[in-house]
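These notes concern the structure reproduced below.
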Ligand SMILES: NC(=O)c1ccc[n+]([C@@H]2O[C@H](COP(=O)([O-])OP(=O)(O)OC[C@H]3O[C@@H](n4cnc5c(N)ncnc54)[C@H](O)[C@@H]3O)[C@@H](O)[C@H]2O)c1
């Protein structure tokens, strides 16, 4: 169902809503017509600061507003799939934040509601809309490193900026630690973030699906307890997943994610998320969210292309910095803006977004395989995760 102009209602006015707002306001075919938050003070403040005409504190009432044809869901995770299904049922297109669902069944239900009504559902998987990751994918598709065989993701500290673009009316962020509301059971941080890591793992392996996952656990009870970013409630987990390994459907291909940062009691000199993709003729190193300290010849770079028998090429993506992290990469700014522009372009040109509800369900399945692997201390095939498997009781 094509639309000429997106009249958007944003629900959930926490940290991430500010990045979404920038995306809508900088697109020629969109306007934010309404906002909705349970917290009326936050909602009023957000609307006033940004000149948004309508304010709701009830999602049902916002959905009943016939002027709105697009809903942006930026609420805590436990509401994502239900709110998507509700919006789709009223015939509105949806951009929903990740993780799209807490278990596959609720995500698939939302996808079916969208298909029935002919509306588009896109999941906000920002990692596949980052300039640095998109350039890496372009180089991979051009065969610059030959056949990609191995992915190494390394997660160091995300260093927070002193001044965040956030409301001075604090949101209740306790859902992030709650087993059911976060969706992650005993591993809420992993559930929130591993969807990014698995989507990147498949994106940079040229869409070869992950087949089997193994998670290494660590008992942190003897480790110094530390806090992460000031805007999040996480602290060092007693039982943590610092390493995840996986195999792909192509048996030659494999990957690893390794986390060492303040929040899990470790120190790594490199900042944020960075990925190495190793092929049979070369290697790409690329910065992702919060990334920094990737050097070549003494200069800080954002992507390195090493090729057998050729000079190394370096790339930078200077897009004005990040809104949240001290980073070389513009994640919260340009990453989010680009993904929202893509969504809007799909709506006005009647094209399928390149990251759909089904993609969102798929990475939740991989993430649940990692959590199940940690719980059962064995490799778990992704297909073992059925529609009803949950990480929480
Ligand atoms: N893609 C990314 O880079 C990225 C970054 C941050 C957060 N996220 C995701 O976005 C979602 C929101 O995260 P956040 O950090 O912005 O959350 P937050 O806790 O800062 O804000 C959530 C907001 O939703 C509101 N809310 C809760 N229930 C509501 C309801 N029923 N109706 C209306 N409003 C309601 C709260 O009052 C609060 O203002 C999470 O699922 C998170 O995983 C994604």
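Tabulated data for the structure shown
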item	result
In degrees, nearest ten, helix 80-89 long axis to first principal axis of the chain (Cα)	50 degrees
Calculated Rg and Dmax of the chain using C-alpha coordinates, Å	20.3, 63
Calculated P(r) tail over 17 Å for segment 6-124, as whole % of Cα pairs	50 percent
Over the chain, relative contact order from alpha-carbon pairs under 8 Å, at least 6 apart, %	22 percent
Three-way shape label, segment 241-302, alpha-carbon gyration tensor, a/c 1.5	oblate
Inter-label distance, nm, simple model (7 Å from Cα along the C-beta direction), residue 180/residue 54	3.2 nm
Expected 222 nm ellipticity per residue - DSSP helices of 4 or more, -39500 (n - 2.57), all of the chain, to 500	-9000 deg cm²/dmol
Relative frequency of Cα-Cα separations exceeding 17 Å in segment 182-302, percent	63 percent
Relative contact order (%) - criterion: Cα under 8 Å, at least six apart; region: segment 146-276	39 percent
Ratio Rg/Rh, restricted to segment 236-393 and using Cα atoms, in which Rh is the Kirkwood radius	1.00
Cα-based helix-to-principal-axis angle, 336-349 vs the chain, degrees rounded to 10	60 degrees
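No value in this document is a laboratory result; all are computed from the given coordinates. These numbers come from a predicted model, not from an experiment. Heads up, the Cβs are rebuilt from the backbone with ideal geometry, glycines too, and the neighbour counts pull from every protein chain shown.
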